[in-house]
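The values are calculated or read from the model by the stated rules, or taken from the named source; none is laboratory data. Because the structure is a prediction, the values reported are computed rather than measured. As a convention, Cβ positions derive from the backbone with ideal geometry for all residues, glycine included, and neighbour counts pool all protein chains shown. The area values use the complete protein model at the heavy-atom level, side chains included, leaving out ligands, DNA and RNA. Shrake-Rupley method; radii C 1.70, N 1.55, O 1.52, S 1.80 Å.
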Amino acid sequence: MAHSLELSAAALGPVTAEESHILEKLDLERLPRHIAVIMDGNGRWAQKRHLPRVAGHRAGTQSARTTIETCARLKVEALTLYAFSVENWRRPKAEIEFLMQLLREYLRKEMPLIQRNNIRMRFLGRPDELPDGVRKDTREAMEATAGNTGMVLSIALNYGGRAEIVDAMNAILAERNGHGGAAVTEEQLSRHLYTANLPDPDLLIRTSGEMRVSNFLLWQIAYAEIFVTETLWPDFNRARLLEALVDFQGRERRYGGIDAPKTAAR
Ligand code: IPE
Ligand code: IPE
Ligand code: MG
């Protein structure tokens, strides 16, 4: 334990008393390789404060920053954040426009942090339906970070889990060019998903208490440990993230077998 505390202090910089207490329970050698997050509850956070919903989205960017930086410093291999679903187009036009603008602003503002932490960026989803400016900025962010070798940060944007599986199947059919071929395998399908080359998430976090997956990474979360917290996304800070990691380490992952070789680990 003393060993992991030393490691954490170095990696995370100054920690609060609350964080230090949680860190005592965390084994930094057994963190999830891939963490996926459904960042939910921005609207409710704002409503509670009698603010417009978009104020919640703005406040939520701070939680994204903290989560990204903490995961990168802890040497998590992959972090995937659900930013906009294919179903979110059902929202009022003004809220959608705000979200798209906020994302562009965010990418510009956070690029130094992304580069400083050696993070490689990806975007998961259908780019074609996004506004031109957003597509341009996401392309630039990917190009600017393509040479980085640290954590892979994926932003799910205009993302749908079913759409992803359909897109993968169509990509496989296109490769075959009408020539039939052998039966599709799980490995082949995985390779054609937006998440190709990423390990499946070990831990899926959802904020704001909703017990559903809302079309997120349907294929990839087959054996993810799910952590749902009542905390609303803008209130999700470093202590809450560390708590989720401690909870993950207490899980017994059996993968359909009967005796767990060990508790949740890489
Ligand atoms: C999550 O917060 C952000 C997005 C879906 C873009 P919500 O906007 O869904 O907030 P609630 O769920 O209405 O509180
Ligand atoms: C899921 O949240 C999508 C994102 C976080 C981007 P929603 O707020 O859209 O999900 P539902 O509608 O509550 O299922
Ligand atoms: Mg929501």
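Can you name the condition, by its number, that THR195 falls short on among (1) open to solvent by 20 Å² or more (accessible area, probe 1.4 Å); (2) away from ligand 2 (no atom under 14 Å from the Cβ); (3) β-branched (Val, Ile, Thr)?
Looking at each condition in turn, THR195 falls short on (1).
Look through GLU77, GLU29, GLU24 and report the one residue that is more than 13 Å from ligand 3 (Cβ to nearest atom) and free of Cβ contacts under 8 Å to residues at least 24 places away in the same chain.
From the options GLU77, GLU29, GLU24, the qualifying one is GLU24.
Given the conditions (1) within 16 Å of ligand 1 (Cβ to nearest atom); (2) surrounded by fewer than 21 Cβ atoms within 10 Å (Cβ to Cβ), and given that ILE258 satisfies all but one, which numbered condition is not satisfied?
Unmet for ILE258, out of (1) within 16 Å of ligand 1 (Cβ to nearest atom); (2) surrounded by fewer than 21 Cβ atoms within 10 Å (Cβ to Cβ): (1).
Which of the helices (runs of 4 or more DSSP H) contained wholly in segment 15-93 include at least 3 residues that are under 30 Å from ASN197 (Cα atoms)?
Output list reads 53-73.
Among the residues of segment 209-235, what is the count of those that are surrounded by 21 or more Cβ atoms within 10 Å (Cβ to Cβ) and within 12 Å of ligand 2 (Cβ to nearest atom)?
Result for segment 209-235: 4.
For the structure I just gave you, tell me whether GLU110 is over 25 Å from ILE221 (Cα atoms), open to solvent by 40 Å² or more (accessible area, probe 1.4 Å) and without any contact (Cβ under 8 Å) to a residue 60 or more places away in the chain.
Here the answer is no, as GLU110 does not meet what is asked.
Can you say whether ILE22 is more than 26 Å from LEU130 (Cβ to Cβ) and open to solvent by less than 70 Å² (accessible area, probe 1.4 Å), as far as the supplied structure shows?
yes
Considering only segment 55-86, state which residues are open to solvent by 20 Å² or more (accessible area, probe 1.4 Å) and touching a Lys or Arg at 6+ places or on another chain (Cβ under 6 Å).
THR66, GLU77
Being within 13 Å of ligand 2 (Cβ to nearest atom), assigned to a helix (DSSP H, G or I) and under 18 Å from the mean Cα position of the chain (by Cα) is the requirement here; does LEU113 meet it?
no
Collect the residues in segment 187-216 that are under 18 Å from ALA163 (Cβ atoms), in contact (Cβ under 8 Å) with a residue 24 or more places away in the chain and within 16 Å of ligand 1 (Cβ to nearest atom), keeping them in residue-number order.
Passing the criteria: VAL213, SER214, ASN215, PHE216.
Hey, ARG90 hits all of (1) on the phi > 0 side of the Ramachandran plot; (2) surrounded by fewer than 16 Cβ atoms within 10 Å (Cβ to Cβ) but one; which does it fall short on?
Result: ARG90 passes all but (1).
Between GLY209, GLY250, GLY180, which is within 16 Å of ligand 3 (Cβ to nearest atom) and either closer than 30 Å to GLU24 by Cβ or modelled with pLDDT under 95 (or both)?
Result of the check over GLY209, GLY250, GLY180: GLY209.
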